[in-house]
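The values are calculated or read from the model by the stated rules, or taken from the named source; none is laboratory data. Remember, predicted model here, so these are calculated numbers, not experimental data. Note that each Cβ is placed from the backbone with ideal geometry, even for glycine, and that neighbours are counted across all protein chains shown. When the accessible area is computed, the model is the full protein with side chains, heavy atoms only, and any ligands, DNA or RNA have been set aside. Shrake-Rupley method; radii C 1.70, N 1.55, O 1.52, S 1.80 Å.
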Amino acid sequence: MEGGGEDDDYMADLGCFLDPKHLQDGKKKAPIPAASSQTKESKGKLHWKDKRKESRERAKKSEQAQLTEGLNTAIPSSNIGFKLLQQMGYKPGGALGKHGQGALEPLKVDVKHSRTGLGVDERERRFKARAAKQQEIQRDLKRKIDDVSRRDFQDRQRSSWQAGKISRDYKKAASALAQLEELAGISRGEVKREDDNGDDDKEEEEDEVVVTEEDLMRIVEDLRRRFFYCVYCGCKYDSAEEMEGSCPGLDEDAH
């Protein structure tokens, strides 16, 4: 619209409001400020807290060195205390006292380096010693518990192995007895107990009976007495005299 109507965009031309010089400068990139000399100098310097810490450490080391040197240096003969000791009969290298019955070495100085109060270090030492003793007691108790558990486990394993071995030996002896009876023409028939009433439940209970060492010894003795057969030797003898002279004994340990 002509004549400067309301539709004219009066912000389109910024040159009407800004100086051309400012427009030219705005096109350039703003320069990066250079690091100040104060910042460069501060990089090579320590903080005042670090300086004070280093100063304290140097003073502490120097004091410790002087103290150690002083404690390790004997009193010179020009010392007034040394002269008084000599007047009372003291000889260098000897013990104190008129008859040399006193101390030979000077008293040791326990230098306190920490800033804690008197008795605190000793209390902490006793506390640490008590804590260490309690830990040792706990370790000993745990060791004893582990030993007992290990022995119980070993006993259970040994009992389980022994029970299994007895069962295997019993089966082997029972098989040998059945074969020898069959060769001898002996018919065992159906084995029943005196109180057996023929119930299936009792037969199942008999099958589940655990074989004991007494059961094994009973069948081993039966084989030896009736057939002169030794389960552990694995052979049949001709007579009881031959078995007694050749077989080491009844149980497996004798073999």
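Here Arg226 passes the criteria (1) farther than 19 Å from Ala254 by Cβ; (2) part of a helix (DSSP H, G or I); (3) at pLDDT below 90; (4) open to solvent by 100 Å² or more (accessible area, probe 1.4 Å) except the one numbered (4).
Scanning the stretch 200-223 for residues that are open to solvent by 100 Å² or more (accessible area, probe 1.4 Å) and modelled with pLDDT under 90 returns Asp200, Asp201, Glu204, Glu205, Asp207, Glu208, Val210, Glu213, Glu214.
One line per residue, one yes/no per condition, for (1) charged (D, E, K, R); (2) in a helix (DSSP H, G or I); (3) surrounded by 10 or more Cβ atoms within 10 Å (Cβ to Cβ); (4) touching a residue at least 40 places away in the same chain (Cβ under 8 Å):
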{"position": "Ser62", "(1), (2), (3), (4)": "no, yes, yes, no"}
{"position": "Lys91", "(1), (2), (3), (4)": "yes, no, no, no"}
{"position": "Leu96", "(1), (2), (3), (4)": "no, no, yes, no"}
{"position": "Gln101", "(1), (2), (3), (4)": "no, no, no, no"}
{"position": "Asp121", "(1), (2), (3), (4)": "yes, yes, yes, no"}
{"position": "Arg125", "(1), (2), (3), (4)": "yes, yes, yes, no"}
{"position": "Leu141", "(1), (2), (3), (4)": "no, yes, yes, no"}
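Within the stretch 171-186, residues that are under 16 Å from Tyr237 (Cα atoms) reach partners that are assigned to a helix (DSSP H, G or I) and open to solvent by 50 Å² or more (accessible area, probe 1.4 Å) with beta carbons closer than 9 Å, at six or more positions or on different chains, in the pairs Leu177/Arg226; Leu180/Arg226; Glu181/Arg226; Ala184/Arg226. Among the residues of the stretch 229-255, those that are open to solvent by 60 Å² or more (accessible area, probe 1.4 Å), more than 26 Å from Trp161 (Cβ to Cβ) and either modelled with pLDDT of 90 or more or out of contact with any helix residue (DSSP H, G or I) (no Cβ under 9 Å at 6 or more places or on another chain) (or both) comprise Asp238, Glu241, Glu242, Glu244, Gly245, Ser246.
When the stretch 70-93 is filtered for residues that are closer than 18 Å to Val109 by Cβ and within 55 Å of the chain's Cα centre (by Cα), the ones remaining, listed by number, are Gly70, Leu71, Asn72, Thr73, Ala74, Ile75.
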